[in-house]
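*Asks:* Once you've had a glance at the structure underneath, I'll fire off some questions.
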Amino acid sequence: MSRLLLDTSAYSAFMRGHGEIKPAIQEAEEICLNVVVLGELLAGFMRGKRRRKNEAELKNFLGSTRVSILDVNEETAERYAVILDSLWRAGTPIPTNDIWIAASTMQHGLHLLTTDAHYQNVPQVIVDYFAA
């Protein structure tokens, strides 16, 4: 069973028709985004020239029965702390929002789908990385 959490880069790559990300998402049984990814997407749409179109496409995507939005809660925060501590100790920091995304991935036992290579520095999650 393919259970994925998409980061912002994976969703964007999917919408552009990325040759490896698109089939991975189409074949997944369960697709998740967390509220951090949702916030990043909406903020990006606000700055873009196709806001209404992008928001409509996201609404359609989220309407799929295979797609769900994950909340960030106390359990996520505990995993965030573990990941952040591990990254500090290794000297391999990544952006804060991406730590929250990784923490959700860890919490729910999902694979993280991304085009951001820095997630490969997070040993607590399984990363399905595809170059942009």
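No lab work stands behind these numbers, since they all come straight from the coordinates. The model shown is predicted, which means the values in this text are computed figures rather than measured ones. Every residue, glycine as well, gets a Cβ built from its backbone with ideal geometry; the counts of neighbours run over all protein chains shown.
*Asks:* For a quick check of your reading: which helices (runs of 4 or more DSSP H) sit entirely within the range 29-117 and have at least 2 residues that are closer than 23 Å to G19 by Cβ and aliphatic (A, V, I, L, M)?
*Replies:* Output list reads 35-47.
*Asks:* Looking only at residues that are under 20 Å from H118 (Cβ atoms) and touching a residue at least 12 places away in the same chain (Cβ under 8 Å) in the range 13-31, which one is surrounded by the fewest Cβ atoms within 10 Å (Cβ to Cβ)?
*Replies:* Within the range 13-31, the match that is surrounded by the fewest Cβ atoms within 10 Å (Cβ to Cβ) is E20.
*Asks:* Related question: Got at least one residue in the range 42-50 being of a type in the set (A, V, I, L, M), in contact (Cβ under 8 Å) with a residue 12 or more places away in the chain and surrounded by 14 or more Cβ atoms within 10 Å (Cβ to Cβ)?
*Replies:* There is no residue in the range 42-50 that is of a type in the set (A, V, I, L, M), in contact (Cβ under 8 Å) with a residue 12 or more places away in the chain and surrounded by 14 or more Cβ atoms within 10 Å (Cβ to Cβ).
*Asks:* Give the residues of the range 1-12 that are outside any helix (DSSP H, G or I) and crowded, with 21+ Cβ neighbours inside 10 Å, sorted by residue number.
*Replies:* L4, L5, L6, D7
*Asks:* Could you list, ordered by first residue, the pairs with Cβ atoms under 9 Å in which the first is in the range 68-95 and of a type in the set (K, R) and the second is not in a helix (DSSP H, G or I), at least 6 apart or interchain?
*Replies:* If the second residue must be not in a helix (DSSP H, G or I), the pairs left are R79/Q124.
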